[in-house]
Amino acid sequence: MSTKLVPSLCPYCAVGCGYYLILERGKAVGVEYMKDHPASEGALCPKGNAVLEILNNGDRLKYPLKRRGDEYMRISWEEALDLAAEGLARNARVNGPRSLGFLASSRCNNEENYLLQKLARLLGSPNIDNCARLCHSPTVVGLGAVLGTGAMTNNLADLKNSGCIFAIGTNFAEAHPVVSRWVQRAKERGAKVIVADPRITSTSWMADLHLRIKPGTDIDLLRGMMKVIVDEGLADDKFIKGRTEGFEELQASLRGYSLEKAATLTGVPAGDIARAARIYARSPASSLLYCMGITQHVCGTDNVKTCATLALIAGQMGRPGAGVWPMRGQNNVQGNCDMGGMAEFYPGYRRSSEPESVEFFKAAWEAEDLPLGPGLTSTEMTEAALEGKIKAMYIIGEDPVTCDANINKTKAALESLDFLIVQEIFMTATARMADLVLPAAAWAEKDGSYTSMERRVQWIYRAVPPVGEAKEGLWIINEIGKRMGIDLKGDSADQVLKEINRTVPQYGGMTRERISKRGGLLWPCPEEGHPGTEILHRDRFSTPGGRANIASVENRPPAEETSPEYPIILSTGRIVVHYNSGSMTRRSPSLLDRDPELYVEINPEDAARLLICEGDMVKVETIRGQAGARARVTEKVLPGMAFMPFHWQAANVITSDALDPVAKIPEYKMAACRISVKS
Ligand code: SF4
């Protein structure tokens, strides 16, 4: 029997691990490790090892479906595409094009996302967004403001060159497991690992120093470290003078601050804060890793800016082993943002609110008119739908009814729509609310490029045909466009990539041939022959003046504080065997076996007071609703704190939808709750 190996990429997190699909008689039957992949070197975490359980899953959507009452009936593609086009056109005509909302998918490839935002904008709607709004929009706008580019500064393998790895608000050992290999490699070479996290996690077990900060005090911790660095002469004066702006303001703002104050506010002993600062600043090269523990706050943008500022004043930037590593979420969330799947940006981070951006794309797309932004973010679209301003939505590969904060509000918003299209590989909670469900090809069933958290752009070829009558997203979007009189020029992923080469400067030299090679290329890669960029900001920052903007910000309280009624702070996060909404991992038997139900971690002190025992079913309540979960009584969480994984819908019934005013990300990490035994 002939066996074929086809290179592919993991469809889960943004590490972008590579592997081979083993094909027999045209069917994917196994996974073979790809030992020469630059980010993963043959490693895969439990999710990556279980990808076939998703690709070959019997629950895959196979036919277009139309709602009739509470039922769905199978229809032809002709009817489905006509319905999609009619529904969007009707609402654009009756309510205006700005009544249309679009969600691009960070699980879909660059070409599909490029085409969807092009369709939205050519229809006259600026309202295009993606799930980065819920995880790393503060990275895009916060790092963008400080460094000029809202992306990871160095590649993952470069972590091995760090003498100090400072991880704040990231449990990468579970959320991005393969990153641990590079951290471990650095440790073997003598690196010190510092972890700031209120919880004891698989990541904190790797730490030489674990700073158990009180939830929501990240800026205080970072300012405490900066105070030590400035007062003890550990700041990199040459770097600050030569490459940054705004240090004097930071110095002034730190004058009234003290290490003792930072210790009181964060709950971390002053000596530990000082030790962390000294190790970080004195190391020849220090890396700073962060994730949603930093971003998912009402001060998420300020948190990100302060992380970057710490790196700048210590001169830990623009060299091997030195930089800032935001741990992005979904496999193509970086690419989705690059492609303009964000309310604030046309492709290539051209601001959608600037007339020059509109003029550029009018010329590129031969369009008479395009909307000036910013459009509504996904969180704003929910509000706008409730106000009757958004009337129709086209959602591809996203499940807001599971992932949004305060999802009862999201459900009410989607119920209020005149027309909802969901394009998916499974019948998700959001798809169940749609008027029209379009079955999409999964990652290994189509051609296209993906951009990992490293800015690594990699092309994968279709390995197997789509299941049933499922179709490639590109074909679906293109066909809907045609029925609305719009030629999107999206007949193939190759054709769309060529357009991306012309319109997205960072991707100018990324031809299919080049990014099909092992490991692809890291952007910016502005022209053919350019080798790509492993480390950003070596000589200049990508701000207009080339200098980084040091941020002087003070902490702000969370939107929700504890009260006698709701005395515990609830935080949410990822666990190793599940991913985001769980729409894939909860259908993967080997993963579900390991963690089959929603649980909540409670400190033994709180559990004793509340008469809760290990394994009890409990009720976790916030002002928005309640969720049932299995109690895990553990010192992993501090007294007064609880933690839930967010891969079950019930968790987001209760999370807080208070928004960061700049990035518009909800404050998932801080909800005041009460917990009781379920009667
Ligand atoms: Fe997939 Fe991320 Fe696991 Fe790698 S680390 S196998 S990309 S989920």
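Quick notes
- In region 1-15, of all residues being open to solvent by less than 10 Å² (accessible area, probe 1.4 Å) and of a type in the set (Gly, Ala, Ser), the one that is nearest to the ligand (Cβ to nearest atom) corresponds to Ala14.
- Within region 28-78, the residues that satisfy the criterion of being in contact (Cβ under 8 Å) with a residue 40 or more places away in the chain and farther than 22 Å from Val464 by Cα are Asp36, Pro38, Ala39, Ser40, Glu41, Ala43, Cys45, Pro46, Leu65, Lys66, Arg67, Tyr72.
- Residue check for Glu41: surrounded by fewer than 23 Cβ atoms within 10 Å (Cβ to Cβ), more than 8 Å from the ligand (Cβ to nearest atom) and at positive phi: yes
- Qualifying residue in region 285-300 (condition: modelled with pLDDT of 95 or more, over 26 Å from the mean Cα position of the chain (by Cα) and assigned by TED's automatic domain parsing to the domain that holds Gly150): yes
- All positions within region 533-586 that are of a type in the set (Phe, Trp, Tyr) and either modelled with pLDDT of 95 or more or away from the ligand (no atom under 16 Å from the Cβ) (or both): Phe541, Tyr566
- Residue count for region 429-481, restricted to those that are within 16 Å of the ligand (Cβ to nearest atom) and hydrophobic (A, V, I, L, M, F, W, C): 6.
- Scope region 613-634; condition open to solvent by 10 Å² or more (accessible area, probe 1.4 Å) and hydrophobic (A, V, I, L, M, F, W, C); matching residues: Cys613, Met617, Ile623, Val633
- Test: residue in region 537-545 that is acidic (Asp, Glu), under 30 Å from Trp459 (Cβ atoms) and open to solvent by 30 Å² or more (accessible area, probe 1.4 Å): yes
- Number of the exception - Leu65 against (1) among the aliphatic types (A, V, I, L, M); (2) in contact with a Ser or Thr (Cβ under 7 Å, 6 or more places away or on another chain); (3) more than 30 Å from Lys160 (Cα to Cα): (2)
- If the condition is being open to solvent by 10 Å² or more (accessible area, probe 1.4 Å) and of a type outside the set (Asp, Glu), then region 300-329 contributes Lys305, Arg319, Pro320.
- Breaking point among (1) under 21 Å from Trp365 (Cα atoms); (2) surrounded by fewer than 24 Cβ atoms within 10 Å (Cβ to Cβ); (3) touching a residue at least 60 places away in the same chain (Cβ under 8 Å); (4) among the hydrophobic types (A, V, I, L, M, F, W, C), for Val464: (1)
- If you filter region 268-281 down to residues that are touching a residue at least 60 places away in the same chain (Cβ under 8 Å) and open to solvent by 10 Å² or more (accessible area, probe 1.4 Å), you find that the one that is farthest from Thr217 (Cα to Cα) is Ile279.
- Among the residues of region 138-182, those identified as within 13 Å of the ligand (Cβ to nearest atom) and in a helix (DSSP H, G or I) are Phe172, Ala173, Glu174, Ala175, Val179, Ser180, Arg181, Trp182.
- Residue match in region 595-607 (condition: within 16 Å of the ligand (Cβ to nearest atom) and surrounded by fewer than 19 Cβ atoms within 10 Å (Cβ to Cβ)): yes
- Selection count, region 116-137, where residues are of a type in the set (Val, Ile, Thr) and part of a helix (DSSP H, G or I): 0
Each row is one residue, and each column tells you yes or no for (1) more than 14 Å from the ligand (Cβ to nearest atom); (2) surrounded by fewer than 16 Cβ atoms within 10 Å (Cβ to Cβ); (3) hydroxyl-bearing (Ser, Thr, Tyr).
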| site | (1), (2), (3) |
| --- | --- |
| Glu24 | yes, yes, no |
| Leu52 | no, no, no |
| Asp59 | yes, yes, no |
| Leu81 | yes, no, no |
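- From Asp487, Asp494, residue being open to solvent by 10 Å² or more (accessible area, probe 1.4 Å) and within 30 Å of Ser99 (Cα to Cα): Asp487
- Any hit, region 94-109, residues being under 12 Å from Leu436 (Cβ atoms), over 24 Å from the mean Cα position of the chain (by Cα) and open to solvent by 10 Å² or more (accessible area, probe 1.4 Å): no
Residues checked against (1) modelled with pLDDT of 95 or more; (2) assigned to a loop (DSSP other than H, G, I, E, B); (3) open to solvent by less than 20 Å² (accessible area, probe 1.4 Å):
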{"position": "Ala186", "(1), (2), (3)": "yes, no, yes"}
{"position": "Val193", "(1), (2), (3)": "yes, no, yes"}
{"position": "Arg199", "(1), (2), (3)": "yes, yes, no"}
{"position": "Ser202", "(1), (2), (3)": "yes, yes, no"}
{"position": "Lys214", "(1), (2), (3)": "yes, yes, no"}
{"position": "Leu221", "(1), (2), (3)": "yes, no, yes"}
{"position": "Leu250", "(1), (2), (3)": "yes, no, yes"}
{"position": "Lys261", "(1), (2), (3)": "yes, no, no"}
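The values are calculated or read from the model by the stated rules, or taken from the named source; none is laboratory data. On a predicted model such as this, the values are computed, not experimentally measured, just so you know. Glycine gets a Cβ as well: all are built from the backbone with ideal geometry, and neighbour counts include every protein chain shown. All accessible areas refer to the heavy atoms of the entire protein, side chains included, with ligands and DNA or RNA removed. Shrake-Rupley method; radii C 1.70, N 1.55, O 1.52, S 1.80 Å.
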